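Structure, as structure tokens:
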Amino acid sequence: MTTAQEVVAYAKSKLNQKVTVPTNPYGGQCVAFIDHIVQHFSNKNLAYTNAIDCLKKAKSQGLEVIYNNPNDVNLIPKAGDFFVMSSVASNGVDYGHIGVVVSADTKGMTTLEQNIDGYSDKNRNGINDQLEIGGGGYVRNNKRSYAGVTGWFRLPYDNKPKPTTSTGAINHNGEIYSSLTTHFNPNVMYSSLSKGVTGYSRMKIDRIVIHHNMTTDKNIAMQTWYESSKNWTSAHYEIADNEIWGCVGEQHSAFHSGDSTMNRRSIGIEHVNSTWGPDWKISEATYKSSAKLIADICKRYNIPIDAKHIIPHKHVSATECPGGIDMAKLIKMAQEVSKGGTVAKPATTQKPSGSFRVKVSVNDLNIRKSPSLKAGKKGFIKKGVYTITETTWVDGYEWGKLKSGAGWIALKYTSRL
């Protein structure tokens, strides 16, 4: 079974070529390029189908089809998907248009397409004008919004890691990741492989730089690292509750520290937040996943697990990153894993050293009978300042017990004073 990365790489190899297949007599058309890829990687084909009909054709052959919903901004294609859009030719017929997605975010997508300029026959000789002038009939890079996109389809991709003989590491489509990696983001992210990047060749890896996302949504965080974002930032890994996402292979430099030399000698690990600012905390489950990854990386690269080699982003650049991540705690947990132990489970409830106050700035924060999303509600808490006497982590949230005895509230929606 193929992977999305392999499809994108193969499509890129056809740049500036006129691509067709035996079942398509019209070389250079947009659908011929996609039909070529589909036939190359599967036993499916688009036969000869107008681009506008490709979603229907793909569905009839058992391929996964996703129809676009303009009202859902989070519904976006993935790298390796084939998008279909409406495109009316000069003769008034909607033949549609099709291409392959290289990367995508909520604003649009970068693509590879053939015959971008569409069909026209102004001299009425029955030949596409673009093919006659040698323009539109070649595979080219392009950028698009989602205007006119009716949907997209994909091959049955395999995104599971491929094991190698390397202890603690795996080779996933030519990229080296920790064997602990649970997911892979298929989108093309900024790295030393990006077009136009020079001077970022890898040095001996002897540092791990710790970051936080500054958001509680890991997907939003990772989207900012896509080449299509133009942000020129990225990281090797994204950590969430019980998830380790591979983003940039360890053998490449990612753009995470703000310093080119540090980027070349380090591995950047980002963490999704469990609370918003000003605390910017991460959950216990995220600490545990990160500690395991750090221990694995340090073992493979012979990096000491200490504060000199596991460093916060703010020690490299002028930034508040990594927010509320407790570096001493994270390093200690990684040391425990390295010694062959397991990371201790957090206590069910912990009493802080003294009570503390929080400010509630929302009107509809539930008071729960116990610290859980499943617990019964005891009404809402009003805006104001309240005292917390105990805290605990349950259901991915940190909960605080109100001094009044009224119940528990989710501290994610408060700010500590």
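The values are calculated or read from the model by the stated rules, or taken from the named source; none is laboratory data. For clarity, every value in this text was computed on a predicted model and none was experimentally measured. All Cβ positions, even for glycine, are placed from backbone atoms using ideal geometry, and neighbour counts span all protein chains on display.
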Examine region 139-146 for a residue that is more than 19 Å from Asp53 (Cα to Cα) and modelled with pLDDT under 90, and state whether such a residue exists. yes
Pair list, Cβ < 6 Å and 6+ apart or interchain, from region 354-372 residues that are over 14 Å from Tyr386 (Cα atoms) to residues that are exposed (fewer than 13 other Cβ atoms within 10 Å of the Cβ) and modelled with pLDDT under 80: Ser372/Asp395
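With the requirement that a residue be part of a loop (DSSP other than H, G, I, E, B) and not basic (Lys, Arg), what does region 276-306 give you?
Of the residues in region 276-306, the ones part of a loop (DSSP other than H, G, I, E, B) are 276-283, 302-306.
Answer for region 276-306, where residues must be part of a loop (DSSP other than H, G, I, E, B) and not basic (Lys, Arg): Trp276, Gly277, Pro278, Asp279, Trp280, Ile282, Ser283, Asn302, Ile303, Pro304, Ile305, Asp306.
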When you look at Trp245, is it among the hydrophobic types (A, V, I, L, M, F, W, C), closer than 17 Å to Leu180 by Cβ and surrounded by 19 or more Cβ atoms within 10 Å (Cβ to Cβ), yes or no? yes
By my count, helices (runs of 4 or more DSSP H) wholly in region 1-104 with at least 1 residues that are in the same structural domain as Val149 (by TED's automatic domain parsing) and within 24 Å of Thr224 (Cβ to Cβ) are 4-12
Regarding Ala79, is this residue modelled with pLDDT of 90 or more and surrounded by 14 or more Cβ atoms within 10 Å (Cβ to Cβ)? yes
Is it the case that some residue within region 193-211 is surrounded by 19 or more Cβ atoms within 10 Å (Cβ to Cβ) and more than 22 Å from Ile303 (Cβ to Cβ)? no
Provide a single number: the residues in region 106-115 that are crowded, with 19+ Cβ neighbours inside 10 Å and either charged (D, E, K, R) or part of a strand (DSSP E or B) (or both). 6
Just the residues that are of a type in the set (Lys, Arg), farther than 15 Å from Gln29 by Cβ and modelled with pLDDT of 90 or more, please, taken from region 42-71. Lys56, Lys59
